[in-house]
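Okay, structure first, notes after.
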Amino acid sequence: NHQYRLAARPVGLPKQTDWTYTEEPTRSPSDGEILVKILYISLDPAMRGWMNDVKSYVPPVRIGEVMRAGAIGKIIESKNPDFKNGEYVYGVFGVQEYAISNGRGVTRVDSSLAPLPIYLGALGMPGMTAYFGLLDVGKAKSGDVVVVSGAAGAVGMIVGQIAKIKGCRVIGIAGGADKCKYIVDELGFDAAIDYKSEDIKKSLRKHCLKGVDVYFDNVGGEILDAVMTRLAKHARIVICGAISQYNNTEAPQGPRNYMALLVSRARMEGFVVFDYEDRYAEAAREMSGWMAAGKLKSREDIVTGLSTFPDTLLQLFKGGNTGKLVIEVASD
Ligand code: NDP
């Protein structure tokens, strides 16, 4: 069983030396346990935060521990009455080839309904984040102008599509012409802003004449500042993440112009998707319906091989991925 373990707490972007690549024999499951062969590992911006020794919504990964990651795998040996051999499951199995689990937090996925990697994207944690962040926290409704950053990424691409389904006007902010073309031409966003080549404030003025009702923020920093100059009255800013700040060696940059909240009688609210666990099934049902009806598209960016992990993780911070970034560890 090959594994990536955290060797050191990174300063700035994670380096090769922050990891150790280890190998240990796979043991048989004990009573109550399952042995899972991992097929796909989810790469998430949040992993960068879990590497820091700070208080957060989950404890940090310890030095020497297998890196935490959500993954999809197949049960090859079950000694837990709730699971059978051959079933496909999602769990926080870690960056490795095989995992032993007591079944807690493990959920079955149905490979006959959708290809397995989609359960790490649109029908998985990023999809749930988009759904509850936009509808519950952002309270997006028909006629709203919705702006989403990180718009060609796992969460952002679903946010924009759900907003369209709900009758909103949607503007996505993403890095590069290809991503901008993709979200408009393929996903049906009304407009895109390439933050790498455009003046964001100027483009926002052009696309959002009456201001922004919902801003779904995945990136923080300068882009958050820019959108805050264009809020409509009673705007909702959903703080989903701040990827532009995750590798800072200094304190994250806060919004410089927060008084815009006062002027616009606006609200800014953060959320953690895990708080909605009880309602995942409800969201997944509705989203699979939209997918079957051709209204919601999923896209996964799949890289092959566990050994690519340190480099593949960095793609998230360099904008190397379009859609959900996944490592294929083994074929079924
Ligand atoms: P993505 O698939 O969107 O990948 C990250 C993308 O971020 C990159 O492709 C890149 O796209 C963009 N990016 C990277 N650096 C910068 C930068 N400096 N400025 C602007 N954009 C940048 O990741 P996810 O969809 O998985 O996650 C999106 C956000 O949602 C993250 O902030 C994550 O932490 C957060 N999240 C929060 C959850 C919650 O419960 N609150 C749950 C899940 C995710 P580009 O080419 O456009 O720059």
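Every number in this text was worked out from the coordinates using simple rules, so none of it is lab data. As the structure is a prediction and not an experimental result, all values here were calculated from the model. When we count neighbours, we look across all protein chains shown, and the Cβ atoms used for this are built from the backbone with ideal geometry, even at glycine.
If the requirement is being without any contact (Cβ under 8 Å) to a residue 60 or more places away in the chain, closer than 19 Å to GLY138 by Cα, out of contact with any Ser or Thr (no Cβ under 7 Å at 6 or more places or on another chain) and not basic (Lys, Arg), which of these qualifies: SER203, SER244, SER264, SER197? Explain how you work it out, then say what you get.
Values: SER203 fails: closer than 19 Å to GLY138 by Cα; SER244 fails: closer than 19 Å to GLY138 by Cα; SER197 fails: closer than 19 Å to GLY138 by Cα.
Criteria check complete, one pass: SER264.
Could you count how many residues in the range 317-332 are of a type in the set (A, V, I, L, M, F, W, C) and in a helix (DSSP H, G or I)?
Going residue by residue through the range 317-332, those that are of a type in the set (A, V, I, L, M, F, W, C) are 317, 325-327, 329-330.
Restricting the remaining residues to those that are in a helix (DSSP H, G or I) gives 317.
Looking only at that region, the number is 1.
Screening MET291 against (1) closer than 24 Å to GLY127 by Cβ; (2) touching an Asp or Glu at 6+ places or on another chain (Cβ under 8 Å); (3) not small (Gly, Ala, Ser) leaves a single unmet condition, (2). Regarding the range 137-151, can at least one residue be identified that is within 9 Å of the ligand (Cβ to nearest atom), farther than 21 Å from LYS233 by Cβ and assigned to a helix (DSSP H, G or I)? Checked against the condition, which is being within 9 Å of the ligand (Cβ to nearest atom), farther than 21 Å from LYS233 by Cβ and assigned to a helix (DSSP H, G or I), the range 137-151 yields no hits at all. In the range 263-276, the residue that is farthest from the chain's Cα centre (by Cα) out of those that are part of a helix (DSSP H, G or I) and surrounded by 18 or more Cβ atoms within 10 Å (Cβ to Cβ) is TYR276.
May I ask you to list the residues in the range 50-65 that are at negative phi and either surrounded by fewer than 17 Cβ atoms within 10 Å (Cβ to Cβ) or polar (S, T, N, Q) (or both)? Show your work before the answer.
Quick first cut of the range 50-65, residues at negative phi only: 50-63, 65.
Scanning the range 50-65 gives ASN52, ASP53, VAL54, LYS55, SER56, TYR57, VAL58, PRO59, ARG62, ILE63, GLU65.
Looking only at the range 299-311, residues that are surrounded by fewer than 16 Cβ atoms within 10 Å (Cβ to Cβ) and assigned to a helix (DSSP H, G or I) come to 3 in all. In the range 118-136, the residue that is farthest from ILE200 (Cα to Cα) out of those that are surrounded by 20 or more Cβ atoms within 10 Å (Cβ to Cβ) and away from the ligand (no atom under 13 Å from the Cβ) is TYR119.
Residues that are out of contact with any strand residue (DSSP E or B) (no Cβ under 7 Å at 6 or more places or on another chain) and of a type outside the set (S, T, N, Q) were ranked within the range 306-332; the one that is farthest from the ligand (Cβ to nearest atom) is ASP311.
Exactly one residue among LEU296, LEU314 is assigned to a loop (DSSP other than H, G, I, E, B), in contact (Cβ under 8 Å) with a residue 12 or more places away in the chain and not small (Gly, Ala, Ser), and that residue is LEU296. Does any residue of the range 277-288 turn out to be more than 28 Å from TRP50 (Cα to Cα), of a type in the set (S, T, N, Q) and assigned to a helix (DSSP H, G or I)? Within the range 277-288, one or more residues are more than 28 Å from TRP50 (Cα to Cα), of a type in the set (S, T, N, Q) and assigned to a helix (DSSP H, G or I).
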